[in-house]
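Each reported figure results from applying straightforward, stated rules to the coordinates on display, with no laboratory input. As the structure is a computational prediction, the values presented were derived from the model and not from experiment. All Cβ positions, even for glycine, are placed from backbone atoms using ideal geometry, and neighbour counts span all protein chains on display.
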Amino acid sequence: MSLLGKPLNYRANRRDARYRRLQTRVYNFLERPRGVQAILYHIIVFFVVFSCLALSVFATIKEYQVQAEILLFYMEIIVVVWFSIEFFLRLWSSGCRSRYQGWLGRLKFLQRPFCIVDVITIAASLVVLSVGVNGQVMAASALRGLRFFQILRMVRMDRRGGTWKLLGSVVYAHRQELITTLYIGFLGLIFASFLVYLAEKDANPKNFSNFADALWWGVITLCTVGYGDTVPATWQGKLIASFCALLGISFFALPAGILGSGFALKVQQQQRQKHMIRRRQPAATLIQCLWRCYAADEHSLSVATWKIHQIPLPSPPSMVSSSFKHNASFVSRLPTIRRHKSTSFHSPLTKGAAGLTRNSGDVRASSDNLGTSGNVQTLNGNEDEEPRYIQLTNQHKGAIRAIRKLKYFVARRKFREALKPYDVKDVMEQYSSGHADLLNRTRNLQYRLDQILGKQGSKAKDVYASKISLASRVVKIERQVDDIENKLDQFMELYMEDRKRILTIPLNQEPQPQITSGTCVTSKV
């Protein structure tokens, strides 16, 4: 199907599918070992490489030199052939990934660090094996070169580079601390070596003849190795050496502690990530069950949610398809199939044969009983019509809703179990994070209260003079309302006084205009 829901005309060849499947299996077996067989194979490879390394060690002992060299020679031939075949299988199987397909993809695969190590070890082993004595015992120089490549061969055991990635991530995460400690330790080494050299160069020229000997003494002392070949002789040198050792060793020991704590934190982080990954499946199941419950609701308009529970109606055996059951092979059936197909379109007998069924319009044949051929034929000769499905009743839908509700409750319980912390430290971290969240909410609430009521504990007159808090705004509005009320009271008093004066004046006299304080009232009778 395409992205638009239309069928594609392209049909993948079965041979290509098997080829890609085989490539994927070989690639996962060699590059991503999972399962008992893959892990057992890589363990055997490790022991073979380790045995070659052990034989090279025995070849340096005089008592076992001859036997070890002969056995090592034949062992190396087997290992080189084995690793060469494995290398070409890795190169071939890498085509299952899109980034390594084609010639450019293969070159990109060869540029990987472990592939470069494989090429170097195989080529060097072939060169070393070609240099032998009488075709069996290898020369001494060739044997020494072979020992180095046997050590290098141990590097390729970790194909995915998990150990190197872990070490690199720890160093990168604590790079600032490591750089600081190494810098201070290097300065301490330089100063200690120089001071001891100044104190010992005249009194002890045998051990401290130059500054390089003093640096050697500083490295051996501050690294707590203590070979004892170079030691200060004077009391001034011993005093300086003891003081510098107390300070320098503490700084030289800091990187080990930093890396150790970094590894512990990294391992703990990986364990948490694994625990978080385990929550994905319960979460996905919970979301799926919840959506199905929502889609199966009585008020839902979804129709597709019921299609997975519908099955096609069974069709009775047709007269046309029953004639194929007695054929021995598919090849012998081909002319019969073509004859029946031609007669189904042109002969009127097929139309009459449709009346043998219970309901010619409702029941249709599902297939032509050809096994994997998948050609759908109907009794009425129409191949494009789809088979009719059983309609679900309200009782069926109610049962499906109940089953989905039960699945939802089970998925919710499993998800809650997956959310539980797996360690006491996680419980403590959850409590600490919850406490920090509570403190943040309390601060936010206190800030809002300060905005509303103002800051507590202040008794000054200008407490509400600020225009920020809501209480100051309310007080300001109240003061303005009080001023307005006072002015209205004054206006009412003036109005009542003027009214009393007007009422006391006789009707035959015209009132004289009077000017009062703040207002001018003129009355005419």
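Rounded to the nearest 0.05, what FRET efficiency do THR234 and ALA264 give with R0 = 60 Å and r taken as the Cβ-Cβ distance? Could you check? About 0.85, to the nearest 0.05.
With a cut-off of 18 Å on the backbone N, the residues of region 35-66 near the modelled label site 7 Å out from ASN28 along Cα-Cβ are 35-42.
Here's the picture: a label point sits 7 Å out from the Cα of ALA203 along the beta-carbon direction, and within region 222-246 the residues with their amide nitrogen under 16 Å of it are 231-244. A Förster distance of 30 Å, applied to the separation of the beta-carbon atoms of MET492 and ARG448, puts the FRET efficiency at 0.10.
Put the Cα centre of region 70-107 next to the Cα centre of region 268-300 and the gap is 42 Å.
Note on HIS42 and GLN391: the model spin-label points, each 7 Å out from Cα along the C-beta direction, lie 5.9 nm apart.
Spin-label model, LYS414 to GLN430: label points 7 Å out along the Cα-to-beta-carbon direction sit 2.0 nm apart. Descending by average beta-carbon neighbour count within 10 Å, the peptides 476-483, 412-419 line up as 412-419, 476-483, the highest first.
Taking 32 Å as the limit for the C-alpha separation, the pairs LYS108/LYS165; LYS274/LYS407; LYS274/LYS307; LYS165/LYS238; LYS165/LYS420; LYS274/LYS405 exceed it in the case of LYS274/LYS307; LYS165/LYS238. The length gained on full extension between ASP482 and ARG272, counted as 0.36 nm times the residue separation minus their Cα-Cα distance, comes to 69.1 nm.
Here the alpha carbons of region 168-269 define both size measures, Rg and Dmax, at 16.4, 56 Å.
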